[in-house]
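The values are calculated or read from the model by the stated rules, or taken from the named source; none is laboratory data. Since the structure is predicted, the reported quantities are computational estimates derived from the model, not experimental observations. Glycine gets a Cβ as well: all are built from the backbone with ideal geometry, and neighbour counts include every protein chain shown. Accessible surface areas use protein heavy atoms only, side chains included; no ligands, DNA or RNA. Shrake-Rupley method; radii C 1.70, N 1.55, O 1.52, S 1.80 Å.
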Amino acid sequence: MSKISLAFLAVLLAFTAFSFKPKKEKWVSLFNGKDIKDWTVKIFHHEVGDNYGQTFRVEDGLIKVRYDQYDHFNNRYGHLYYKKPFSYYKLRLEYRFTGIWRKDAPDYTLKNSGLMFHAQDPKTILKEQDWPISVEMQFLAGLGDGKPRPTGNMCSPGTDVFYNGRIDPRHCINSSSKTYEGDQWVKAELVVLGDSLVSHYINGEKVLEYAQPQIGGGVANGYNLAIKIDGKLLKEGFIALQSEGQEIDFRNIEIQVLPVPKSRKK
């Protein structure tokens, strides 16, 4: 083989390697580590934007859920919404429970919180609406009793999902994750493909998958009846961090927006 041919082959191989080099995933931070100006608070019994008792606050570069300014809990379930909706995306964050729980909150809220997605616009949530119409990636920790308590589960306030080929009547579906005790940081990732497929990951392992998130079911109360159109597929919605009686910290909240397939575009 001639020197020219060898040189051409080297250039061709280099070009081929460059052409097929995988694109680096582009993750965008939703939290600047300084404030929650890009987020909106909605707490049960309060108007949109009223961050009662500084429930959601930023300290030490973390979003913290705290209740030290509460006289009593009074079922003040709260959510912190990012400013715009998403449809096709990957979302990842880390959370940890602090171990401090309001004893006047319902028992089920002990070491319990979550991430809401495909949620209704916080501006449409009424003052006396307890839960947003949304799908939840539920976060749980072990209770120190040796019993399994998986995290990364699915709960469905005002919604339904297809699981194992049919609409599942349960409000919550457990994941296959192991139980995480104490105040350790746990990595959670959500992959949402519009109104088709949703996957949950905990510490890098897929733990749950379901499809066709849609309005339906029960649990949510006090909503505008015109909004709850049962059977309507949820193609997009807002992301929100939950507060329901258990103190929790969040950090490294990042999103990677995915392209919408042509077949799914309007």
Mind telling me which of the residues Phe139, Phe162 ends up being crowded, with 23+ Cβ neighbours inside 10 Å and within 20 Å of the chain's Cα centre (by Cα)?
Phe139
How many of the residues in the range 236-265 are closer than 30 Å to Gly33 by Cβ and either hydroxyl-bearing (Ser, Thr, Tyr) or open to solvent by less than 30 Å² (accessible area, probe 1.4 Å) (or both)?
17
Number of positions in the range 66-112 that are over 20 Å from the mean Cα position of the chain (by Cα) and part of a strand (DSSP E or B):
3
The lone exception for Ile43 - which of (1) touching a strand residue (DSSP E or B) at 6+ places or on another chain (Cβ under 6 Å); (2) open to solvent by less than 20 Å² (accessible area, probe 1.4 Å); (3) under 20 Å from Val186 (Cβ atoms) it fails
(3)
Just for the range 209-224: of the residues that are of a type in the set (Gly, Ala, Ser) and surrounded by fewer than 20 Cβ atoms within 10 Å (Cβ to Cβ), which one is modelled with the lowest pLDDT?
Gly218
Quick check on my filter: what residues within the range 51-102 are open to solvent by less than 30 Å² (accessible area, probe 1.4 Å) and within 18 Å of Lys187 (Cα to Cα)?
Leu62, Ile63, Lys64, Val65, Tyr89, Leu91, Leu93, Glu94, Tyr95, Phe97
Got at least one residue in the range 225-235 being open to solvent by 50 Å² or more (accessible area, probe 1.4 Å), touching a Lys or Arg at 6+ places or on another chain (Cβ under 9 Å) and in contact (Cβ under 8 Å) with a residue 24 or more places away in the chain?
yes
Take the range 165-208 and flag every residue that is without any contact (Cβ under 8 Å) to a residue 12 or more places away in the chain, within 16 Å of the chain's Cα centre (by Cα) and open to solvent by 20 Å² or more (accessible area, probe 1.4 Å).
Lys206
